[in-house]
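Visitor: Sharing a structure, written as structure tokens. Questions coming.
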Amino acid sequence: MEVPGLFNYWMAIVLMMAGLYTVIARGNLVKKLIGLGVFQISVFVLYITMGKIKDGTAPILPASGSAEGVVFSNPLPHVLILTAIVVGIATTALGLALVVRIHEAFGTIEEDDIQAIEESEA
Amino acid sequence: MSGPLEHLPALAVVIPLMTAPVIVALRRPWAGWLLATLVSWASLAMSLLLLQQVLETGPFSYLMGGWAAPWGIEYRVDQLDAFVLVIVSAIASVVSVYARKSVEAEIEPDRQYLFYAMFVLCLCGLLGMAITGDAFNLFVFLEISSLSTYVLVGMGRDRRALTASLRYLILGTVGATFYVIGIGLAYMMTGTLNMADLAQRLPAMAHTSTVRAALAFLVVGIGLKMAAFPLHAWLPNAYTHAPSAAAALLAGTATKVSVYVFLRIVLGVFGATGLLTALPVTQVLMVLALAAMFICSAVAIWQPDLKRALAYSSVAQIGYILLGVALLSETGLAAGIVHLFNHAVMKSALFLALGAVALRVGSTRIDAMRGIGRKMPMTMAAVLVAGLSLIGVPLTVGFVSKWTLVEAALDDGMWPVAVLILASSLLAVAYVWRIVEAAWMAQPGPELAHVREAPTAMLLSIWVLAGASVWFGIDATRTLGVARLAAQTLLQGVAP
């Protein structure tokens, strides 16, 4: 295992697990959404890391106009993640909007309390 | 094709996408309804044209913006894509006609236009998922359809719709993110996102753990989105508390398109790697499919709310589809694919009919529906027809699916599986019988005195689908023919 070289990947996994654990283990709906955000961001890190090429530079044509002998990083994963970030923001915004409505309707954002209210109704 | 028809694959997605902001800008419920209906029917026309073209000339590609694949985004239309496009747009068309009265009754006037905006966005996402040939583009459409679905579910009358929607949002996002991880790992090994290109390059990398991990992430991620047992926890509440029109749309399309994604990615892209047979993918799938058929059908029998019972039945029916897929034979796959259409037709008919009951009675609980068969005879007759189809009685579409599925199981010499398929149908008899018993065997109480038959537009939609579930049950040559062609095309890329 060459840990230093794979440092980003290890951190992506740590973030992924932390996020997923928060989603599962926390009863507070806002904390759940934060966990979901962390989980999504770990995937952004994973993608951006795979675009890095050793000694690669930003993929911009040098002023000389010739790209001969220059190693570029792969820009495609960055572009993909730009899209995924937009999706992530939309998801978080919608989730938080739902939490606001849930708070109005139930008076709490604790999952256990909401479940108790729902069960007493059913 | 030349002329404007040349751009049909792009237009099928772009027109619903552009209509959504127009509906929001107009802010009028009737304008929203009119546009949503027009767009749905236009999509149906375009989907039928695409299907016709595929059947005539075979699969074809459309290059977005003229950029050649694999660099540009390719829209690929083969028999399976066209079939799914027709299912989605046909259900959306029927539901859109129905939605007017239902939405007026269930959603506050100042929010109604938003319902229609979300309706067309959802349609756009589902059609896009079916037509695209690019794995990452599929993720974008998946999220367009998912985000609009969360909003549609959250618009339900009951406050429990909000918690159902949030639960769906969390699980749906986890599923979609798993999908992105899987695609990312596959991209890492192959450097491409084009599905056809991926299918070509993956076999050389099949021995790496990266590719195996990618397959695992994809199966679980897509499994969450298609509510494959035991990943279905979000579905019952979401369908129960969503507005009636939204529930009918989702029951007919959302999980079906996810099953399509499963077929496209797991069989189409990973089929040639040989991992499906090297790892016990199909065996696990088969066990889970059988578990879904029995456990979820049994749970459906005990539900006091019929909408909820139908939601559990949906999970069971996904089991039938996955069982066909797990057999990995042409007949099995054709049974699964034809059931996509058959189940969409009958389950949407049932949800539409229950929406009409909710409109007139105010509840879909079974004890509130005693004697309803005498008050709303046309609606409940449609429930009976679609219910018989759910059981798999001859002359209905349900029979066609189950017959093909049993045939596929026997072809593979798996007679215990064939017996289990028939045995699970008995559970469907139990939950359909409960409806019959409540609707016709009891006298209507005084609280049903004012109940009238459903409005004509709603009845028309319900009966179009109930009629279709008999029509395509009597003459299944067309649907089954397309399904067989689709199965053949799909299996070409699957290593034995």
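Read the figures in this text as sums done on the coordinates, not as results from a lab. Keep in mind it's a predicted model, so treat the numbers as computed, not measured. So basically every Cβ, Gly included, is an ideal-geometry build from the backbone, and we count neighbours across all protein chains shown.
Visitor: How about the stretch B:405-426: which of its residues are polar (S, T, N, Q) and in contact (Cβ under 8 Å) with a residue 40 or more places away in the chain?
Guide: B:424
Visitor: Consider residue B:109 against the criteria (1) surrounded by fewer than 24 Cβ atoms within 10 Å (Cβ to Cβ); (2) over 19 Å from the mean Cα position of the chain (by Cα); (3) within 27 Å of residue B:221 (Cβ to Cβ); (4) away from chain A (no Cβ under 14 Å): it satisfies all of them except one. Which criterion is unmet?
Guide: Evaluating residue B:109 over (1) surrounded by fewer than 24 Cβ atoms within 10 Å (Cβ to Cβ); (2) over 19 Å from the mean Cα position of the chain (by Cα); (3) within 27 Å of residue B:221 (Cβ to Cβ); (4) away from chain A (no Cβ under 14 Å) leaves (3) as the failure.
Visitor: Suppose we filter A:27, A:35, A:56, A:51 for residues that are over 23 Å from residue A:78 (Cα atoms) and either within 13 Å of chain B (Cβ to nearest Cβ) or not polar (S, T, N, Q) (or both); which single one remains?
Guide: A:27
Visitor: Could you check, for the stretch B:129-136, whether at least one of its residues is within 10 Å of another protein chain (Cβ to nearest Cβ) and either in contact with a Cys (Cβ under 8 Å, 6 or more places away or on another chain) or closer than 30 Å to residue B:36 by Cα (or both)?
Guide: Yes, the stretch B:129-136 contains a residue that is within 10 Å of another protein chain (Cβ to nearest Cβ) and either in contact with a Cys (Cβ under 8 Å, 6 or more places away or on another chain) or closer than 30 Å to residue B:36 by Cα (or both).
Visitor: Considering only helices (runs of 4 or more DSSP H) fully contained in the stretch B:368-454, which possess at least 2 residues that are of a type in the set (Ser, Thr, Tyr)?
Guide: B:377-391, B:397-411, B:415-440
Visitor: So residue B:142 ticks every box in (1) away from chain A (no Cβ under 14 Å); (2) touching a Ser or Thr at 6+ places or on another chain (Cβ under 9 Å) but one. Which box is left unticked?
Guide: (1)
Let's see how each residue does on (1) farther than 19 Å from residue B:346 by Cα; (2) out of contact with any Gly (no Cβ under 7 Å at 6 or more places or on another chain); (3) β-branched (Val, Ile, Thr):
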{"residue": "B:362", "(1), (2), (3)": "yes, yes, no"}
{"residue": "B:382", "(1), (2), (3)": "no, yes, no"}
{"residue": "B:386", "(1), (2), (3)": "no, yes, no"}
{"residue": "B:415", "(1), (2), (3)": "yes, yes, no"}
{"residue": "B:426", "(1), (2), (3)": "no, yes, no"}
{"residue": "B:435", "(1), (2), (3)": "no, no, yes"}
{"residue": "B:448", "(1), (2), (3)": "yes, no, no"}
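Visitor: Of the residues in the stretch B:188-207, how many are within 14 Å of chain A (Cβ to nearest Cβ) and either free of Cβ contacts under 8 Å to residues at least 24 places away in the same chain or β-branched (Val, Ile, Thr) (or both)?
Guide: Qualifying residue count for the region: 4.
Visitor: Can you tell which of B:402, B:347 is buried (at least 18 other Cβ atoms within 10 Å of the Cβ), among the basic types (Lys, Arg), under 23 Å from residue B:238 (Cα atoms) and in contact (Cβ under 8 Å) with a residue 24 or more places away in the chain?
Guide: Testing whether each residue is buried (at least 18 other Cβ atoms within 10 Å of the Cβ), among the basic types (Lys, Arg), under 23 Å from residue B:238 (Cα atoms) and in contact (Cβ under 8 Å) with a residue 24 or more places away in the chain leaves just B:347.
Visitor: From A:45, A:71, which residue is surrounded by fewer than 16 Cβ atoms within 10 Å (Cβ to Cβ), of a type in the set (A, V, I, L, M) and more than 9 Å from chain B (Cβ to nearest Cβ)?
Guide: Being surrounded by fewer than 16 Cβ atoms within 10 Å (Cβ to Cβ), of a type in the set (A, V, I, L, M) and more than 9 Å from chain B (Cβ to nearest Cβ) holds for just one of A:45, A:71, which is A:71.
Visitor: Let me ask something additional. Can you report the number of residues in the stretch A:74-96 which are closer than 22 Å to residue A:33 by Cβ, aliphatic (A, V, I, L, M), surrounded by fewer than 16 Cβ atoms within 10 Å (Cβ to Cβ) and without any contact (Cβ under 8 Å) to a residue 24 or more places away in the chain?
Guide: Total satisfying the criteria: 5.
Visitor: Where residues in the stretch B:340-365 are assigned to a loop (DSSP other than H, G, I, E, B) and in contact with an Asp or Glu (Cβ under 9 Å, 6 or more places away or on another chain), which of them is nearest to residue B:259 (Cα to Cα)?
Guide: If we take residues in the stretch B:340-365 being assigned to a loop (DSSP other than H, G, I, E, B) and in contact with an Asp or Glu (Cβ under 9 Å, 6 or more places away or on another chain), then B:364 is nearest to residue B:259 (Cα to Cα).
Visitor: Given the options B:429, B:436, B:451, name the one that is touching a residue at least 12 places away in the same chain (Cβ under 8 Å) and more than 23 Å from residue B:293 (Cα to Cα).
Guide: None of the other options fit; the residue is B:451.
Visitor: Let me ask something else about it. Tell me which residues, restricted to the stretch B:159-169, are within 9 Å of another protein chain (Cβ to nearest Cβ) and touching a residue at least 40 places away in the same chain (Cβ under 8 Å).
Guide: B:160, B:163, B:165
Visitor: If you don't mind, there's one more thing I want to ask. If I go through the stretch B:452-493 residue by residue, how many of them are closer than 30 Å to residue B:328 by Cβ and loosely packed, with under 15 Cβ neighbours inside 10 Å?
Guide: Qualifying residue count, the stretch B:452-493: 7.
Visitor: If you don't mind, there's one more thing I want to ask. Can you tell me which residue in the stretch B:90-112 is farthest from residue B:478 (Cα to Cα), limited to those that are hydroxyl-bearing (Ser, Thr, Tyr) and in contact with a Phe, Trp or Tyr (Cβ under 8 Å, 6 or more places away or on another chain)?
Guide: If we take residues in the stretch B:90-112 being hydroxyl-bearing (Ser, Thr, Tyr) and in contact with a Phe, Trp or Tyr (Cβ under 8 Å, 6 or more places away or on another chain), then B:96 is farthest from residue B:478 (Cα to Cα).
Visitor: Within the stretch A:13-24, which residues are within 11 Å of chain B (Cβ to nearest Cβ) and among the small types (Gly, Ala, Ser)?
Guide: If the condition is that a residue be within 11 Å of chain B (Cβ to nearest Cβ) and among the small types (Gly, Ala, Ser), then A:19 is the only one that fits.
Visitor: Additional query: Would you check which residues across the stretch A:75-122 are of a type in the set (Asp, Glu) and either at the interface with chain B (Cβ under 9 Å from one of its Cβ atoms) or within 18 Å of residue B:153 (Cβ to Cβ) (or both) and list them?
Guide: Selection gives A:104, A:111, A:118, A:121.
Visitor: Another question about this same structure. Out of all the residues in the stretch B:65-81, is one or more assigned to a helix (DSSP H, G or I), under 17 Å from residue B:36 (Cα atoms), touching a helix residue (DSSP H, G or I) at 6+ places or on another chain (Cβ under 8 Å) and not small (Gly, Ala, Ser)?
Guide: no
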